[in-house]
Protein chains: 2
Amino acid sequence: MTLIDGRALAATIRARIADDAARLRAAGTTPTLAIVVPTDDEATAWYVRSIVRTAEKVGVAVRVVDERELLGPCLAELSADPTVHGVMCQTPLPPGISRDDIAVHIDPAKDVDGANPTSLGRLAAGLPAFAPATAQAVVELLRAHGTTLAGADVVVVGRSTVVGKPAALLLLAENATVTVCHSRTKDLAVQTSRADVVVACVGSAHVLGAAHIRPGAVVIDVGTNPTTDGGLVGDVDTQAVEPIAEAITPVPGGVGPVTTALLLRNVVTAASH
Amino acid sequence: MTLIDGRALAATIRARIADDAARLRAAGTTPTLAIVVPTDDEATAWYVRSIVRTAEKVGVAVRVVDERELLGPCLAELSADPTVHGVMCQTPLPPGISRDDIAVHIDPAKDVDGANPTSLGRLAAGLPAFAPATAQAVVELLRAHGTTLAGADVVVVGRSTVVGKPAALLLLAENATVTVCHSRTKDLAVQTSRADVVVACVGSAHVLGAAHIRPGAVVIDVGTNPTTDGGLVGDVDTQAVEPIAEAITPVPGGVGPVTTALLLRNVVTAASH
C-alpha cells in the first residue's frame with residue numbers, strides 16, 4: 001500500500017508558484033490574497049496563520065481582514081480592489097448568515113476558493129472557473145499518483161457544496177464515471193466497494209473501513225476530524241483499509257497541504273490575468 | 001409494464017398554471033415568455049409554435065423575437081423589460097456563438113429554462129433557481145409515477161449541461177444516490193443494470209436495450225431522435241425493455257409535453273415574484 005504524499009505534492013506545486021509569483025513581482029504585480037475572518041474561532045485562526053506562512057514562502061501577499069458584520073460589502077469592496085487578486089471568506093460565519101448569501105459578493109474572477117455559486121455553475125458548464133481548492137486537491141492527488149481517471153468508477157461519499165459536489169464535477173470532467181453517495185444512500189459499502197477510486201468527504205471520523213474498499217482501490221481521504229487528544233483523523237479508518245487499498249492519502253499530510261498550495265496557485269493565476 | 005403518461009401529467013400541470021395565470025391577469029400582470037429565435041431551423045420553428053400554442057391555452061403570452069446577431073444584448077434587454085417574466089433562447093445558435101456565451105445575459109430571475117451557468121450553480125448549491133425544464137420533467141415524471149427517490153440508486157446516462165448534469169443535481173437533492181455515465185464509461189450495462197431508476201439522456205436512438213435494465217426498474221427516456229420516416233424515437237429501445245422494466249416514459253408523449261408545461265410553469269412562477 002502506498003501513502004500518497006500530499007506534503008511532497010504541495011512542495012512541487014509551491015515551487016512552481018514561487019517562480020510564477022517572482023515573475024509577477026518583477027513585473028510590478030504582487031499577487032495578493034485577501035482573507036476575511038468573521039470569527040474568533042481558534043481552529044480558523046490556526047488555518048489562516050498556516051495560509052499566511054505558506055503564502056510568505058511562495059511570494060504571495062496576504063491581507064487578513066477582521067470583519068464581523070458587513071461581510072457582503074467587505075467582500076465586494078475587496079473584489080473591486082485592483083491590488084487584490086484573490087478573495088476568500090473564512091467560516092464559521094456569524095449566526096443567521098449563510099455562506100451562499102455572502103459568496104455572491106466575491107467576483108468570480110477573484111473567487112480563488114470557488115465559493116460563489118456562479119463559479120460552481122461555470123464549473124458544471126465546463127467554463128473557466130476556480131473550483132474550491134479542496135475539490136481541486138482531490139483531482140491533483142489522483143493525478144500525481146498516476147491514477148487513470150478516464151473511464152474509472154469513482155464514488156464520492158459526501159455531497160457538500162464545498163467539496164463533494166465540486167469534486168464530482170471535476171472528476172466527471174476528467175471522464176470518470178461518478179457516483180455521489182451520502183447519508184441517505186441505501187448501502188454505502190455496496191456502492192464504495194465496487195469503486196476504482198473512493199473519495200471520502202463526509203466529515204466524520206472513520207466512516208469508511210475495510211468493508212467499504214475493494215482490493216486495489218485508491219482512496220482519497222478529505223476528512224480532518226479533530227480527536228480528543230488534539231490530533232486529526234480522516235473519514236477513513238486508514239489502518240483497517242491499508243491491507244486492502246492500493247493507495248491512500250494520509251491525514252494529516254494528504255489533502256490538507258495540497259489544498260493550501262492550490263489556493264495560492266489560484267491567487268497567482270488570478271494575478272496573471 | 002406501465003407507460004408513464006407524460007401527456008396526462010402535462011395536462012394536470014397546465015390546469016394548475018391556467019388558474020395561477022388567470023389570477024395574475026386579474027391582478028393586472030400577463031405572464032409573458034420571450035423566446036429568442038436565432039435560426040431558420042424547421043424543427044426549432046415547430047417547437048416554438050408548439051410552445052406558443054400551449055402557452056395560449058394556459059394564459060401565458062409569448063413574444064417570439066427573431067434575432068441572429070446581437071443575441072447577448074437582445075437577451076439582456078428582454079431581461080430588463082418589466083413586462084417580460086421569462087427569457088429563453090432557442091438553438092441552433094449561429095456559428096461561433098456558444099450557448100454559455102449568451103446565456104450569461106439572461107437574468108437568473110427570468111431564466112425559466114435554466115440556461116445561465118449561475119442558475120446551474122445556484123441549483124448545485126441548493127439555492128432557489130430555475131432548472132432546465134427537461135431536467136425538471138425527469139423528476140416530476142418520477143414523482144407522478146410514485147417512485148421513491150430518497151435512497152434510490154439512480155443512473156443518469158449523459159452528462160450534458162442542458163439535461164444530464166442538472167437532472168443529476170435535482171435527483172441528488174431528492175436524496176437519490178446518483179451515478180452519471182457517459183461515452184467514456186467502461187461498461188454501461190454494468191452501471192445501468194444495478195439501477196432502480198435509469199434516466200437516458202444520450203441523444204442517440206436506442207442506446208439502451210434489454211441488457212441495460214434490471215427487472216422492476218423505472219426508465220425515463222429523455223431522447224427525441226428523429227427517424228427517417230419523420231417519427232421520433234427515444235434513447236431506449238422501448239420494445240426490448242418493456243418485458244423487464246416496471247415503467248417507462250414513451251417517446252413521444254413522455255418527457256416532451258411535461259417539459260413544455262414546466263417551462264410555462266416557470267414563467268408563471270417568475271411572474272408571481
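Across the stretch A:209-232, which residue is farthest from the chain's Cα centre (by Cα) among those that are over 17 Å from residue A:1 (Cβ atoms) and touching a residue at least 60 places away in the same chain (Cβ under 8 Å)?
A:226
Run residue B:46 past the list (1) modelled with pLDDT of 95 or more; (2) over 18 Å from residue B:84 (Cα atoms) and report the number of the one that doesn't hold.
Residue B:46 satisfies every listed condition except (1).
Need pairs with beta-carbon distance below 8 Å; first residue facing another protein chain (nearest Cβ under 7 Å) and within the stretch A:165-177, second among the basic types (Lys, Arg); sequence gap 6+ or separate chains.
These pairs meet every condition: A:165/A:159; A:172/B:159; A:172/B:165; A:175/B:184; A:177/B:184; A:177/B:186.
Checking residue A:206 against (1) part of a loop (DSSP other than H, G, I, E, B); (2) closer than 25 Å to residue A:266 by Cβ; (3) in contact (Cβ under 8 Å) with a residue 24 or more places away in the chain: exactly one of these is not met. Which one?
Of everything listed in (1) part of a loop (DSSP other than H, G, I, E, B); (2) closer than 25 Å to residue A:266 by Cβ; (3) in contact (Cβ under 8 Å) with a residue 24 or more places away in the chain, residue A:206 misses just condition (2).
Considering only residues of the stretch A:105-123 that are at the interface with chain B (Cβ under 9 Å from one of its Cβ atoms) and among the hydrophobic types (A, V, I, L, M, F, W, C), which is farthest from residue B:127 (Cα to Cα)?
A:123
Exactly one of (1) closer than 20 Å to residue A:258 by Cα; (2) at the interface with another protein chain (Cβ under 9 Å from one of its Cβ atoms); (3) not aliphatic (A, V, I, L, M) is unmet by residue A:194. Its number?
It is condition (1) that residue A:194 fails.
Does residue A:128 satisfy the condition of being under 28 Å from residue B:128 (Cβ atoms) and more than 8 Å from chain B (Cβ to nearest Cβ)?
Against the criterion (under 28 Å from residue B:128 (Cβ atoms) and more than 8 Å from chain B (Cβ to nearest Cβ)), residue A:128 qualifies.
Six or more apart or on different chains, Cβ atoms under 7 Å: show the pairs whose first residue is in the stretch A:182-199 and in the same structural domain as residue A:210 (by TED's automatic domain parsing) and whose second is surrounded by 19 or more Cβ atoms within 10 Å (Cβ to Cβ) and of a type in the set (Gly, Ala, Ser).
A:182/A:158; A:195/A:217; A:196/A:152; A:196/A:217; A:197/A:152; A:197/A:217; A:198/A:217; A:199/A:167
Going through A:96, A:146 one at a time, which residue ends up being at pLDDT below 95 and among the small types (Gly, Ala, Ser)?
After ruling out the rest, the residue left standing is A:96.
Which ones in the stretch B:211-263 are assigned to a strand (DSSP E or B) and either outside the structural domain of residue B:139 (by TED's automatic domain parsing) or surrounded by 19 or more Cβ atoms within 10 Å (Cβ to Cβ) (or both)?
B:218, B:219, B:220, B:221, B:236, B:247, B:248
What are the residues in the stretch A:76-104 that are within 14 Å of another protein chain (Cβ to nearest Cβ) and touching a Pro at 6+ places or on another chain (Cβ under 9 Å), if any?
A:100, A:102, A:103, A:104
With the requirement that a residue be on the phi < 0 side of the Ramachandran plot and small (Gly, Ala, Ser), what does the stretch B:156-178 give you? Working first, answer last.
At the first step, the residues of the stretch B:156-178 found to be on the phi < 0 side of the Ramachandran plot are B:156-157, B:159-174, B:176-178.
Answer for the stretch B:156-178, where residues must be on the phi < 0 side of the Ramachandran plot and small (Gly, Ala, Ser): B:160, B:164, B:167, B:168, B:173, B:176.
Of the residues that make up the stretch A:138-152, is at least one surrounded by 19 or more Cβ atoms within 10 Å (Cβ to Cβ), touching a strand residue (DSSP E or B) at 6+ places or on another chain (Cβ under 8 Å), over 19 Å from residue B:185 (Cα atoms) and more than 10 Å from chain B (Cβ to nearest Cβ)? Outline the logic, then answer.
Keep residues of the stretch A:138-152 that are surrounded by 19 or more Cβ atoms within 10 Å (Cβ to Cβ), which gives A:138-142, A:147, A:149, A:152.
Remaining after also requiring touching a strand residue (DSSP E or B) at 6+ places or on another chain (Cβ under 8 Å): A:138, A:141-142, A:147, A:149, A:152.
Now restrict to residues that are over 19 Å from residue B:185 (Cα atoms): A:138, A:141.
Keeping just the survivors that are more than 10 Å from chain B (Cβ to nearest Cβ) gives A:138, A:141.
For the stretch A:138-152, residues surrounded by 19 or more Cβ atoms within 10 Å (Cβ to Cβ), touching a strand residue (DSSP E or B) at 6+ places or on another chain (Cβ under 8 Å), over 19 Å from residue B:185 (Cα atoms) and more than 10 Å from chain B (Cβ to nearest Cβ): present.
Against the definition (out of contact with any Asp or Glu (no Cβ under 6 Å at 6 or more places or on another chain), within 14 Å of residue B:135 (Cα to Cα) and of a type in the set (Ser, Thr, Tyr)), how does residue B:269 come out, yes or no? Before the answer, list the steps.
On the way: out of contact with any Asp or Glu (no Cβ under 6 Å at 6 or more places or on another chain): yes; within 14 Å of residue B:135 (Cα to Cα): no; of a type in the set (Ser, Thr, Tyr): yes.
Here the answer is no, as residue B:269 does not meet what is asked.
Regarding residue A:192, is this residue hydroxyl-bearing (Ser, Thr, Tyr) and farther than 22 Å from residue B:167 by Cβ?
Numbers: hydroxyl-bearing (Ser, Thr, Tyr): yes; farther than 22 Å from residue B:167 by Cβ: yes.
It is true that residue A:192 is hydroxyl-bearing (Ser, Thr, Tyr) and farther than 22 Å from residue B:167 by Cβ.
The values are calculated or read from the model by the stated rules, or taken from the named source; none is laboratory data. Bear in mind the structure is a predicted one, so any value in this text is a computation, not a measurement. Note that we place each Cβ from the backbone using ideal geometry, even for glycine, and neighbour counts take in every protein chain shown.
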